[in-house]
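Structure first, then comments.
The values are calculated or read from the model by the stated rules, or taken from the named source; none is laboratory data. Since the model is a prediction, treat every value here as computed from it, not as a measurement. Note that each Cβ is placed from the backbone with ideal geometry, even for glycine, and that neighbours are counted across all protein chains shown.
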Amino acid sequence: MSERENISRLDSSSDDATEKERRGELSAEERYYMASQWQRMWQKFRRHKLAMIGGVVLIILYLSAIFADFVAPYPKEVRFEKYGYHPPTPPRLIDEEGNFIGPFVYGTTKERDMNTLEAIYTVDTSTIYPIHF
């Protein structure tokens, strides 16, 4: 076969493939080899479950960063200087007696150890602060 015949055969086979693609008659193998790099990357990404979960988490984080002013409970200028060294308070759903109340936090009391002058925060289970969304 001459070089000219090889080139014309390749051109006609690529024309056949694009014509089949327009009509939707490509097999799975032909679609795989006809796909662009982005399409092949997206196919592999969709099959990887952990990557999909990570993508969803990443989208949620980006959206929360974009809408941070709307999501935040307080404006950015508000500071609670009195509670600057207060440890985080874990949110709870069930009280000490085992009753479901909904999301809430217990109150805390601050005491000072007179020997070390360390601030000691104790949980006050008698005071319940509900969390509102």
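List of remarks:
- Residues of the range 38-63 that turn out to be exposed (fewer than 11 other Cβ atoms within 10 Å of the Cβ) and at pLDDT below 90, as a count: 2
- R46 of a type in the set (D, E, K, R), under 20 Å from the mean Cα position of the chain (by Cα), in a helix (DSSP H, G or I) and over 29 Å from I131 (Cβ atoms): yes
- Within the range 71-111, being in a strand (DSSP E or B) and of a type in the set (K, R) holds for R92, K110.
- Odd one out for M114, checked against (1) modelled with pLDDT of 90 or more; (2) assigned to a loop (DSSP other than H, G, I, E, B); (3) in contact with a strand residue (DSSP E or B) (Cβ under 8 Å, 6 or more places away or on another chain); (4) of a type outside the set (F, W, Y): (3)
- Test: residue in the range 118-128 that is closer than 30 Å to I60 by Cα and either at pLDDT 85 or above or surrounded by 10 or more Cβ atoms within 10 Å (Cβ to Cβ) (or both): no
- Note on the range 68-105: residues that are β-branched (V, I, T) and surrounded by 11 or more Cβ atoms within 10 Å (Cβ to Cβ) total 4.
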